[in-house]
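The values are calculated or read from the model by the stated rules, or taken from the named source; none is laboratory data. Since the structure is predicted, the reported quantities are computational estimates derived from the model, not experimental observations. Every residue, glycine among them, receives a Cβ derived from its backbone with ideal geometry; neighbour counts consider all protein chains shown. For the accessible areas, the whole protein counts, side chains as well, though only heavy atoms, and no ligand, DNA or RNA atoms are used. Shrake-Rupley method; radii C 1.70, N 1.55, O 1.52, S 1.80 Å.
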Amino acid sequence: DSDFTFTPWSLPDNNISESKGPETDKDIFEFKNLDQINEDDIPNEAGIYAFRIKNINSLPEPFNEILSLKKNKYFYIGQASKSLLERMYKQELNGKKHGTFFRSTGAILGYLPPMGSLKNRDTRNYKFAKEDSIKIVKWMQENLEISYFTQNDNLDQIESELIIKYEPLLNIKG
């Protein structure tokens, strides 16, 4: 008999590995500082990723207060349906495209889209000015840690379960 709680996406051994995905009900994330990884480290495969804040005081009020009430410092959990390299590393961490995570991070840091840039446009997909994007990327590099694992199946279910379990500051679904 095993003392682990298995979910439909669990694997039948007790190893926690970034490359194999969640295997037990224990904390499956092993975080690294962003300066400890580079593009060559990130798999070009589907998977789940998480960002954790190093110091909640790097967040403005009221976000630092909200995070201080939680049991952990999870900032965001997401999925890459095709490539962790493209979605997590290039798009989210380097601001190549302004996805939900990037826009949410910029918004809580107080950045706004350039004046007039949303006129007659879809306001859900805005971009920040280039100089603001650079500042957002710099803030992330200085204040966030990252963990990820490759996973091909049940990404929506896994992401949802992890969001419910860890209640990251920026996630609104679960």
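Structural remarks
- Alpha-carbon centroid distance for the pair the stretch 115-169 / the stretch 52-89, whole angstrom: 9 Å
- Length gained on full extension, ASP27 to LYS130, computed as 0.36 nm times the residue gap minus the Cα-Cα distance: 33.4 nm.
- With the cut-off at under 20 Å, measuring from each backbone N in the stretch 140-174 to a point 7 Å along the Cα-to-Cβ line of LEU118 picks out 170-172.
- Accessible area (Å², per residue) of the stretch 24-102, counting only protein heavy atoms and a probe of 1.4 Å: 51 Å²
- Over the stretch 109-174, accessible surface divided per residue gives 63 Å², non-protein components excluded, 1.4 Å probe.
- FRET efficiency estimate (nearest 0.05) - Cβ-Cβ, SER160 to LYS138, R0 35 angstrom: 0.65
- Cα extents of the stretch 101-174 along the three principal axes, largest first (Å): 41, 31, 21
- Inter-probe distance in nm under a simple model that places probes 7 Å from Cα toward Cβ, at LYS82 and ASN38: 2.6 nm
- When the solvent-accessible area of the stretch 23-136 is split by element, carbon and sulfur atoms take up 46 percent of it, the probe being 1.4 Å.
- J(HN,Hα) series, the stretch 75-88, from Karplus relation 6.51 cos²θ - 1.76 cosθ + 1.60, nearest Hz, glycine and proline x: 9, 6, 10, x, 10, 10, 6, 10, 8, 4, 4, 6, 6, 6
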